[in-house]
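Participant: What follows is a structure written as structure tokens; I'll ask about it next.
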Amino acid sequence: MIEWIAQHIVAKYNFWIAIVIMLTGLYATIAKGNLLKKLIGLTIFQTSIFLFYISLSDVGTLAGLGLHYGTAPIVWEEGIHKGYMYVNPLPHVLMLTGIVVSAATTAVGLALVVRLYEEYGTLEEERIMEKEMEIERRGT
Amino acid sequence: MLPIEQFPVLVVAISLLSALTILLAGWINKKSCFFISLATITFQFILSIFILHHVLTVGTIHYWLGGWRPPWGIEYVVDALNAYVLIIILFLSLLAAIYSKRSVEHEIDEKKLVTFYTLFQLLVTGLAGVVVTGDLFNMYVLLEVCSLAAYALIAVAGGRALKASYNYLVMGAIGVCFYLLGIAFLYSVTGTLNMGDMRLLLPALYGNKGVQLAFVFMFIGLGIKAAFFPLHTWQPDAYTYAPSAITVIISTAMAKASIYALIRIIFSVFTVDFITLFAPIADIISWVAAIAMIFGSILAIAQFNLKRMLAYSSIANIGYIMLGVGLSTSTTLGLTPALMHILNHALMKGCLFMAACGFIYKADLRDIRDLVGLARRMPYTCFAFLLAALSMIGFPPSVGFVTKLYLIFAALDAGKYIFIAVIFFSTLLMIVYFWHVIEIMYIRVEEGGEKEISVTEVPRSMFIPGLVLAFLCFIVGIIWLIGTPMPLMDAINSGLGLGVVP
């Protein structure tokens, strides 16, 4: 049992943390009534995916808690002779792009939230829907 | 001799540069923005014709960005499927751009004109990019480019469009993140991001749980972008409240780009073997598509807002395309019906939305019940609407008829007769809601006559694109029936390993 926990949970703790953060973000995005909180949830959700990618690139192990980490992905001769492991640089690069995209999404989202607040004077989804219904009724 | 191998990257790069040029030119002269955008899209469209011709005569185009070999660098690949979808997307973007001239002047604050056309051009960049890229992560970035432009463009209309855009943003961002998560799983087992390379490496790993999970994530993610039932909830509001030109482009070009991405992932990254091996994925797609066809049509009947009715009709039509995808593995026709409907639906729905937005442009007519006697006031727009609506119902020899005919052939071939009944039932529902509109527009006369609205025809730049599309609905239908584009369809099917299953 302990071995199983060590193998599947402790050794892969970063993946577990990524999943917990991911579900927290997804829950907030779906369940929160406040538009700003939804957006925060969305950002948390996106961030967890970055963590997931970065975890993929890692080659470190917890071998008996004597931690071994991968080094920076720089190829130098001495390191190769000593058999250093280096982390995979590609997921890091991908996530730099991912962070830019996420920041852009958040920016557009925040701009929309500001405009919505100007328009309706509230950010609670239910209140906004009520006001929309009112406009609809007045319109017809 | 033209360097056609360079064209796929030019389609994207020129468009991107043009977006920046529009922003700069807007400082000097606001009127120039539209013309730069129009010229760029026309040029892109001409390039896409050359690309299609080259693909059909010479073969697939591979372009390595920066000269890096594919597994390491980003590759742009254009085969028959890309070239076909690219030409559709750019043609409809071109018509939407022509249409935008007057409608944007009418609907949008003059101060926002520059940013509007910048974003419009960025949207076209993203759409063209999604279609030409051969790299999974690059596709993610370009999907986000066109999505972000679309969120902003929908919100330009203000008022209720803001909430619609916000909902679209949240749903769309979750969808694209799911797609990104799918890439993470695939990358962790294969170590590559190139689609062609992935296709070669994956078969040995089909049993891997991570790969199967990746398929589910990517399918759901792109399903949200394509508004495939039951992931469509953002779609009716976004289509209803967006500015006219944007409704036209997102309901045609953007919906088709998302469907293309879905087809590319299902058949090109994963293969037919994968979707038939583990679960009856094709059957699940067919059944959900059948529900979408009926659900979309029933909700369309219940609508009074014309644009919203067309939006729900779009959900039903996405169902038609996905039914073609679902049936493709068990018929010799392969993807042909689905690919046909990608073009056909773009033509029909582009025309219908152009007409619907024309009514709003002239007299702010959003409600179907207000359209009484409109055919006498706006003859050209109403005639375009009539032709497209007839085509939607399946009047021979229109494009809608051709799609239905081929879908029925496919269902017969696959031995799944229930879907024939679904097609007939959904057609019946379509007749109900389109006939309702046509009857009000053409036949009904208001008692007393004082309630009849007195409006004139929309400007020429707004009804000519609609009429062009309306006539194309029938011309393209005849071309399909003659069978001229069948070599192209065969090339696509054989490229994806389809159409050989008995």
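Participant: Under a Cβ-only charge scheme (Lys and Arg +1, Asp and Glu -1), can you give me the dipole magnitude of segment B:218-353 about the Cα centre, in debye to the nearest 20?
Facilitator: 320
Participant: Which of B:340, B:275, B:76 sits closest to the plus end of the dipole of the protein assembly as shown, meaning its Cα is farthest towards the positive end, when Lys and Arg get +1 and Asp and Glu get -1 on the C-beta?
Facilitator: B:340
Participant: So who's got an amide H within less than 5 Å of the one on residue A:71, skipping anything under 5 residues away but keeping other chains? H placed 1.01 Å off N, in plane.
Facilitator: Those qualifying (amide H under 5 Å, at least 5 residues apart or on another chain) are A:85, A:86, A:87.
Participant: First check a/c for chain A, with a ≥ b ≥ c the square roots of the eigenvalues of its C-alpha gyration tensor; if it is under 1.5, answer rounded, and if not, answer prolate when a/b is larger than b/c or oblate otherwise.
Facilitator: oblate
Participant: Give me the Å³ per residue figure for the convex hull around the C-alpha atoms of segment B:365-492.
Facilitator: 126
Participant: Anything over 27 Å Cα to Cα? Flag those among A:131/B:30; A:37/B:225; B:209/B:416, in the order listed.
Facilitator: Over 27 Å apart, Cα to Cα: A:131/B:30; B:209/B:416.
Participant: Still on this structure, I have one more. How high is the relative contact order of segment B:17-137, given as a whole-number percent (alpha carbon pairs under 8 Å, six or more residues apart)?
Facilitator: 35
Participant: What 222 nm value per residue comes from the helices of chain A, counting each DSSP H run with n ≥ 4 as -39,500 (n - 2.57) and dividing by all residues, nearest 500 deg cm²/dmol?
Facilitator: -23500 deg cm²/dmol
Participant: Restricting to DSSP loop positions (anything but H, G, I, E, B) with no more than 12 other Cβ atoms inside 10 Å of their own Cβ, which chymotrypsin sites (Phe, Trp or Tyr not before Pro) remain in segment B:94-161?
Facilitator: When the chymotrypsin sites (Phe, Trp or Tyr not before Pro) of segment B:94-161 are filtered for loop state and at most 12 Cβ neighbours within 10 Å, nothing remains.
Participant: What is chain B by shape, rounded, prolate or oblate, if you read a ≥ b ≥ c off the alpha carbon gyration tensor as root eigenvalues and call it rounded for a/c under 1.5, prolate for a/b larger than b/c, and oblate otherwise?
Facilitator: Oblate, because a/c is 1.5 or more while a/b does not exceed b/c.
Participant: Would you calculate, for chain B, the mean residue ellipticity at 222 nm contributed by helices, counting each DSSP H stretch of 4 or more residues as -39,500 (n - 2.57) and dividing by all residues, to the nearest 500?
Facilitator: About -24000 deg cm²/dmol.
Participant: Still on this model: Quick one: Karplus J couplings for segment B:378-385, per residue in order, coefficients 6.51, -1.76, 1.60, θ = phi - 60°, nearest Hz, x for Gly and Pro?
Facilitator: 10, x, 5, 4, 5, 5, 4, 4
Participant: Continuing with the same structure: If the reach is capped at under 25 angstrom between alpha carbons, list the lysines near residue B:31, excluding any in the same chain fewer than eight residues apart.
Facilitator: B:101, B:111, B:112, B:362
Participant: Roughly how big is chain B's charge dipole about its Cα centre, with Cβ charges of +1 (Lys, Arg) and -1 (Asp, Glu), in debye to the nearest 20?
Facilitator: Dipole of chain B, to the nearest 20 debye: 520 debye.
Participant: What list of whole percents do you get for P(r) of segment B:280-502, with Cα-Cα distances grouped in 5 Å bins up to the one holding the largest distance?
Facilitator: That works out to 1, 8, 15, 18, 18, 14, 10, 7, 5, 3, 1, 0, 0, in percent per bin.
Participant: Please arrange B:58, B:85, B:269 by how many other C-beta atoms lie within 10 Å of their C-beta, fewest to most.
Facilitator: Ordered by Cβ neighbours within 10 Å, fewest first: B:58, B:269, B:85.
Participant: Would you mind working out the magnitude of the charge dipole of segment B:45-166 relative to its Cα centre, with +1 at each Lys and Arg C-beta and -1 at each Asp and Glu C-beta, to the nearest 20 Debye?
Facilitator: Once rounded to the nearest 20, the dipole reads 260 debye.
Participant: In whole angstrom, and with the biggest value first, how far do the Cα coordinates of the protein assembly as shown range along each principal axis?
Facilitator: 94, 61, 56
Participant: A further question on this structure: Using the Karplus curve 6.51 cos²θ - 1.76 cosθ + 1.60 with θ = phi - 60°, what ³J(HN,Hα) values do you get for each residue of segment B:185-196, in whole Hz, with x for Gly and Pro?
Facilitator: Whole-Hz 3J(HN,Hα) from phi for segment B:185-196: 5, 5, 5, 5, 9, 9, x, 9, 10, 7, 5, x.
Participant: Oh, and also: Give me a comma-separated list of calculated 3J(HN,Hα) values for segment B:61-76, in order, Karplus coefficients 6.51, -1.76, 1.60 applied at θ = phi - 60°, integers in Hz, x for any Gly or Pro.
Facilitator: Once rounded to whole Hz, the list reads 9, 10, 10, 9, 5, x, x, 7, 5, x, x, 9, x, 7, 10, 9.
Participant: Under 5 Å between amide H atoms, partner at least 5 residues away or on a different chain: which partners does residue B:365 have, H built in plane at 1.01 Å?
Facilitator: For residue B:365, whose amide H was placed from the backbone, the distant partners under 5 Å are B:360.
Just so you know, all these numbers are worked out from the coordinates, no wet-lab data involved. Computed from a predicted structure; not experimentally measured. So basically every Cβ, Gly included, is an ideal-geometry build from the backbone, and we count neighbours across all protein chains shown.
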